[in-house]
Amino acid sequence: MTTTTYSVTGMTCGHCTAAVTEEISKLVGVQQVSIDLNAGGTSAVHVTSESTLDESAVREAVDEAGYELAASSPGVTA
């Protein structure tokens with residue numbers, strides 16, 4: 001398992017986090033998504049997956065939810 005933290009901008013509320021969680025959860029191999037919301041700033045999105053995800057796929061999922069992927073931090077394998 002790998003956990004990667006992504007920085008996402010534009011989220012302001014619980015509905016925003018639900019939309020991002022839903023879209024990222026659709027990616028193959030994703031086990032869990034948790035978000036540390038920073039309303040109006042950059043929120044940390046923690047994604048646990050079976051293996052490292054393709055960042056472009058995550059970027060596309062976040063974009064589909066209506067937000068912007070700002071950066072990612074390499075995963076921690078457990």
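THR42 - would you say it is of a type in the set (Ser, Thr, Tyr) and surrounded by 17 or more Cβ atoms within 10 Å (Cβ to Cβ)? The answer is no for THR42.
Close contacts from the range 15-39, counting a first residue that is farther than 16 Å from THR2 by Cα and a second that is at pLDDT 95 or above and charged (D, E, K, R), with Cβ to Cβ under 8 Å and a gap of 6+ residues or different chains, come to GLU23/GLU64.
Kindly establish whether SER34 is of a type outside the set (A, V, I, L, M, F, W, C), over 16 Å from SER72 (Cα atoms), under 11 Å from the mean Cα position of the chain (by Cα) and open to solvent by 40 Å² or more (accessible area, probe 1.4 Å). Here the answer is no, as SER34 does not meet what is asked.
Tell me, yes or no, whether the range 60-72 has at least one residue that is free of Cβ contacts under 8 Å to residues at least 24 places away in the same chain and open to solvent by 40 Å² or more (accessible area, probe 1.4 Å).
yes
Annotation: ALA44 fulfils all but one of (1) over 9 Å from the mean Cα position of the chain (by Cα); (2) modelled with pLDDT of 95 or more; (3) among the small types (Gly, Ala, Ser); the unmet one is (1).
The values are calculated or read from the model by the stated rules, or taken from the named source; none is laboratory data. As the structure is a computational prediction, the values presented were derived from the model and not from experiment. Neighbour counts run over all protein chains shown; Cβ positions are idealised from the backbone, glycine included. Only protein heavy atoms, including side chains, enter the accessible area calculation; ligands, DNA and RNA are left aside. Shrake-Rupley method; radii C 1.70, N 1.55, O 1.52, S 1.80 Å.
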